[in-house]
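Asks: Handing you this structure, nothing more for now.
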Amino acid sequence: MISITEWQKIGVGITGFGIFFILFGILLYFDSVLLAFGNLLFLTGLSFVIGLQRTFTFFFQRHKLKGTSFFLGGVVIVLLRWPLLGMCLETYGFFSLFKGFFPVVFGFLGNAANIPLLSVLFRRLQGTSSVV
């Protein structure tokens, strides 16, 4: 069984608060303070969950530098009080960084949730649909 340390539990909470503040900042018409706070909490929580060295190596792999520059550049732009432009850059960087995880997540959700409509939708999004 996987053991989870106290630091990882704290990191999950911090990451959750970061996502909450980002969504709440978007809901309040791109409030720059909430978005900046959410970004800082998200990155801090991610560092707590996977560790500083793994976070650094994840973001600064050679083939992920473009996504990292857009994501971290978007964070900086949000901190400079240009929230709409910053969030657009962050979104592109996020999808560029995590594009390898999306098929895994869709496949897991399609198998874990045996709801017929959702499993067909996830298979189509994954590109392995055998249902006509």
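The values are calculated or read from the model by the stated rules, or taken from the named source; none is laboratory data. Everything quoted here is computed from the prediction, not taken from an experiment. Positions of Cβ are backbone-derived with ideal geometry, glycine not excepted, and every protein chain shown enters the neighbour counts. Accessible surface is based on the protein model in full, side chains and every heavy atom, while ligands, DNA and RNA are left aside. Shrake-Rupley method; radii C 1.70, N 1.55, O 1.52, S 1.80 Å.
Asks: Kindly indicate whether any position in segment 21-31 is farther than 24 Å from G86 by Cβ and open to solvent by less than 80 Å² (accessible area, probe 1.4 Å).
Replies: Here is the first cut: in segment 21-31, the residues farther than 24 Å from G86 by Cβ are none.
Among the residues of segment 21-31, not one is farther than 24 Å from G86 by Cβ and open to solvent by less than 80 Å² (accessible area, probe 1.4 Å), which makes the answer no.
Asks: State yes or no: is T91 surrounded by fewer than 18 Cβ atoms within 10 Å (Cβ to Cβ), modelled with pLDDT of 85 or more and touching a Ser or Thr at 6+ places or on another chain (Cβ under 7 Å)? Walk me through how you get there before you give the answer.
Replies: On the way: surrounded by fewer than 18 Cβ atoms within 10 Å (Cβ to Cβ): yes; modelled with pLDDT of 85 or more: yes; touching a Ser or Thr at 6+ places or on another chain (Cβ under 7 Å): no.
Considered against the rule, which asks whether it is surrounded by fewer than 18 Cβ atoms within 10 Å (Cβ to Cβ), modelled with pLDDT of 85 or more and touching a Ser or Thr at 6+ places or on another chain (Cβ under 7 Å), T91 comes out as no.
Asks: Across segment 56-79, what is the total count of residues that are among the aromatic types (F, W, Y), buried (at least 19 other Cβ atoms within 10 Å of the Cβ) and over 15 Å from the mean Cα position of the chain (by Cα)? Can you show your working first?
Replies: Initially, segment 56-79 is screened for residues among the aromatic types (F, W, Y), giving 56, 58-60, 70-71.
Remaining after also requiring buried (at least 19 other Cβ atoms within 10 Å of the Cβ): 70-71.
In the following step, the residues that additionally are over 15 Å from the mean Cα position of the chain (by Cα) were identified as none.
Of the residues in segment 56-79, 0 are among the aromatic types (F, W, Y), buried (at least 19 other Cβ atoms within 10 Å of the Cβ) and over 15 Å from the mean Cα position of the chain (by Cα).
Asks: Okay, moving on. Just the residues that are out of contact with any Gly (no Cβ under 8 Å at 6 or more places or on another chain) and open to solvent by 70 Å² or more (accessible area, probe 1.4 Å), please, taken from segment 38-55.
Replies: L52, Q53, R54
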